[in-house]
Structures are given as structure tokens and as C-alpha cells.
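For reference, the structure is listed below as C-alpha cells.
Quick note: the coordinates plus some simple rules give every number you see, no bench work behind them. Since this is a predicted model, take the numbers as computed values, not measurements. Here the Cβ is made from the backbone with ideal geometry for all residues, glycine too, and neighbour counts use every protein chain on show.
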Amino acid sequence: MKIIDGKLVAQEIRAEIAKEVAVMIDNDIKAPHLVAILVGDDGASHTYVENKRKACESVGMTSSVYKFSENVSEKELLDTIDFLNNDNDVDGFIVQEPLPKHISSEKVLEKIDYRKDVDGFHPINVGKMMLGIDTFLPATPFGIVKLLERYKIETEGKNCVIIGRSHIVGSPLSMLLSRNTNPGNCTVTICHSKTKNLAEITSKADILIAALGKPQFVTADMVKEGATVIDVGTTRLPSTETKSGFKLFGDVKFDEVSKKCSYITPVPGGVGPMTIVGLLLNTLKAAKNRK
Ligand code: GUN
């Protein structure tokens, strides 16, 4: 069994991005600027946004965070998006999800100028991705594709089973892995909460991707001998074992599944660091697209 070291690959790609940013700055071109909009007090969202901000700085990009209280009005948020759409100093921005219930995620998404949508969630970008037109790819699927590529994991003709159909991971990943590209050309099955005989389906997967957000859900009996297992889960649970008081749990029971598969991503240190790399690559792309 081989560990897919997302932390290491992320470091390599971040070094490549940092070089490109340094060249921009040497040529008197402004460094890429990413803005994150953060609403409310969700601890996990604060941590994710802080990690994104730090990642930007580590590669020489500029980053800003716009923080709003839980009860910000939808109008104020949409007006802020309008402002950022028109701010030439900002190359790309994200609105961290989840949003409070009184704010429509759909309206927020549609308000973002698709040319600054470095999350790749805008309907135009989703449509472009579906058609195979070059655009911003959602960060987590983008990061997973990069991992498969760097580890030279054969995907052509393989059975790929994805558990989870979110617009952030499962759904776009199914599109990327079934395209006529490399990585790609998989025969993809998406499973979800209404799927029957789940273990029967997952145990036929050459590549199994767990993106359902249920800690330790995938057990060894659900996995084919020699499969590649990608664990997208990052559930933060209170813990006395760590300084922060929280511990991250993946969707896969690593100890038992790792004995059976040929490749596996750990949590932490697998997909998580690659998600941030996906966002950095998109922000760099947005900056290169400046008029
Ligand atoms: N919440 C969980 N993942 C993401 C992500 O990739 N982007 C945003 N904006 N919110 C998230």
C-alpha cells in the first residue's frame, strides 16, 4: 500500500506557483489578489478561510478577508459581491459555504462575476467544465485530479465510484473523471444517500472516492483488493488528543482499509492541502486573464 501524500504534492505545486508569482512581481505585474467572504462564526469555516489566506501569502499572493456577522442581510452581501466584481484590484473571490439560512446560496453564486469565480461554482463555469472548455475547476475535484496525475494512477477504463453528489465535490468530480482526458476516461458511478446495495457497488471500484462527510463510513468490506481510495472527508470532532481541541476525521476507516488497497490518501495530509492548491491555481489563472 502506498500513501498518496497530498501535503508533499501540495508543497511541490505551491513552489511552482510561488515561482510564477515571483516572475510577475519582477516584471512589475501586481501579485494575484484573492478575497474570501466569511459569514458568521462557524469554527470550521474560520479555519478554512484562515488556511486559504495563509496559503496565498506563502506563495506571494495578496489576500483579504471580508467578515460579516451571521445576521448580515442578503442585500448587503450581494452589494459586496457587486463591489468586488467591479474592483480591478481583486482577481478572484470566494464566498465560504455554508451560508446562513436566510441567504440564498443560489443568488450569491449567480451574482459573482464568473471571471472572478475562483471556486468554479458559477453556472457558467460549471457549464464550461461540462463542455470541456478551459475554465476554473472547483478546488477539491481539481486537487484530486492533480493527485491522480502526479502519482500516475491509471484512470482510463477504470471503474470509479464516488460516494457523495455535492456540487462542491462529487458532482463535478464525476464529470472530470469521465471526460476524454488524462486523468479521465473512467466509468463513473455516483452513489448517494438513496443508493441501494452501496457496499456491492463500492467493492467493484478500482478507484473509490469517499465524499459524503460521514466520519469513518467506508470500511474494509466495502473496498476492492488493490483499489485506489481517495478520502475527501474532513469532519472536525472535539478531541482531548490535540492542542486545538479538535481532530479531523476522514470518511474512510484508514487502519483497516489501508491494509487492502494499493493507494490511499490520509486525513489530514491527503486531499485537504490539495484543495487549497486548486484555489491558488485558479487565482493565478484569474490574474493571468486580467485585461
Ligand atoms: N465550503 C466547503 N468547501 C468549500 C469550498 O471549496 N469553497 C467554498 N466557498 N466554501 C466551501
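Take every pair of alpha-carbon atoms less than 8 Å apart whose residues are at least six positions apart; their mean separation over the length of the stretch 101-183 yields a relative contact order of 26 percent.
Taking the C-alpha atoms only, the angle from helix 139-150 to the longest principal axis of the chain is near 60 degrees. Straight distance only, please: which aspartates and glutamates reach the Cα of LYS224 with their own Cα at less than 19 Å, same-chain residues fewer than 8 apart left out? The qualifying aspartates and glutamates are GLU154, GLU156, GLU200, ASP206, ASP251, ASP255, GLU256.
Farthest towards the positive end of the charge dipole of the stretch 222-291, among the residues LEU248, GLY270, THR283, is the Cα of THR283, using unit charges on the Cβ of Lys, Arg, Asp and Glu. Dipole magnitude for the chain: computed about the Cα centre from +1 point charges on Lys and Arg Cβ and -1 point charges on Asp and Glu Cβ, it is near 540 debye.
To the nearest ten degrees, helix 43-58 and the longest principal axis of the Cα atoms of the chain are 70 degrees apart. If R0 is taken as 22 Å, the Cβ-Cβ distance between MET130 and TYR151 corresponds to a FRET efficiency of 0.30.
Taking 7 Å steps out from each Cα toward its Cβ at SER64 and ALA199 produces label points 5.3 nm apart.
By DSSP, the beta bridges lying fully in the chain are antiparallel in about 10 percent of cases. Peptides 269-280, 127-138 ranked from most to least packed, by the mean per-residue count of other Cβ atoms within 10 Å: 269-280, 127-138.
Taken one residue at a time, the phi angles of the stretch 103-118 give Karplus couplings (6.51, -1.76, 1.60, θ = phi - 60°) of 10, 7, 4, 4, 4, 4, 4, 6, 6, 5, 5, 4, 6, 10, 7, 6 Hz. Gly and Pro are set to x. Only lysines eight or more places from LYS75 in sequence, or on another chain, were considered; those with a Cα closer than 22 Å are LYS67, LYS101, LYS107, LYS111, LYS116.
Relative contact order of the chain, taken over Cα pairs closer than 8 Å and 6 or more residues apart, is 21 percent. Backbone amide hydrogens, once placed in the peptide plane, bring VAL218 within less than 5 Å of VAL252, LYS253, excluding anything fewer than 5 places away on its chain. Taking the Cα atoms only, what angle lies between the long axis of helix 74-86 and the longest principal axis of the chain, rounded to 10 degrees? Between the helix axis and the principal axis of the chain, the angle is about 80 degrees. In plain terms, the chain from HIS192 to LEU237 could stretch by 13.9 nm, reckoned as 0.36 nm per residue minus the Cα-Cα distance. A cysteine counts as unpartnered when no other cysteine's C-beta lies under 4.7 Å of its own; in the chain this applies to CYS56, CYS191, CYS261.
Think of each Lys and Arg Cβ as +1 and each Asp and Glu Cβ as -1; about the Cα centre, that makes the dipole of the stretch 91-243 roughly 240 debye.
With θ taken as phi - 60° and the Karplus curve 6.51 cos²θ - 1.76 cosθ + 1.60 applied, the whole-hertz 3J(HN,Hα) list for the stretch 237-251 is 10, x, 8, 8, 7, 10, 5, 5, x, 10, 9, 8, 10, x, 7 Hz, x standing for glycine and proline. Available extension along the chain between LEU8 and ALA44 is 10.6 nm, counting 0.36 nm per residue and deducting the alpha carbon span. A Cβ-based charge dipole, computed about the Cα centre of the stretch 198-291 with Lys and Arg at +1 and Asp and Glu at -1, lands at about 720 debye. The label-point distance for LYS75 and GLU20, in a model that sets each label 7 Å from Cα toward Cβ, rounds to 4.1 nm. Over the stretch 152-291, one equal point on each Cα, no solvent: what is log10 I(q)/I(0) by the Debye formula at q = 0.17, 0.18 Å⁻¹? Debye intensities relative to I(0), on a log10 scale: -0.95, -1.05.
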